[in-house]
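In what follows, a single structure is set out as structure tokens and then discussed.
Any read-out appearing in this document is the output of simple, stated calculations on the displayed coordinates, not a laboratory observation. Computed from a predicted structure; not experimentally measured.
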């Protein structure tokens, strides 16, 4: 898996932007099969920063209905990446 397959997209929500500003923590949607080491290497390579800590959580897909048809959304994985002190936070989310 290359770095662009590991880190799919940044998650830009109020909670994510607040964590970015106060705790120097970035939030990404990542590949479900990616582990913390792969996520760390991908973020360090993409944004040219040093990573202190990686936390992940897997979110189960919800049941969704459209009239009489029902199905599930896909499961997905989220990663919170904390940067080391002194590292410049990338500006991908300006609100």
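If contacts are Cα pairs under 8 angstrom and at least 6 residues apart, what is the relative contact order of the stretch 3-83 in percent? Don't skip to the end; give the middle numbers.
Details: 141 pairs, mean separation 27.7, N = 81.
With pairs under 8 Å counted, the relative contact order is 34 percent.
Working out 0.36 nm times the residue gap between residue 91 and residue 19, then minus their Cα-Cα distance, what length gain in nm do you get to one decimal?
24.6 nm
Specify the residue with the greatest mean-square fluctuation among 66, 50, 40, computed from a Gaussian network of the chain linking alpha-carbon atoms under 10 Å apart.
Answer for the Gaussian network model of the chain: 66.
What length, rounded to one decimal in nm, is gained on full extension from residue 29 through to residue 58, with 0.36 nm per residue of separation minus their alpha-carbon distance?
9.4 nm
How big is D, in µm² s⁻¹, for the chain by Stokes-Einstein at 4 °C and 1.567 mPa s if Rh is the Kirkwood radius over C-alpha pairs?
Details: Rh = 14.3 Å.
For the chosen part, D equals 91 µm²/s.
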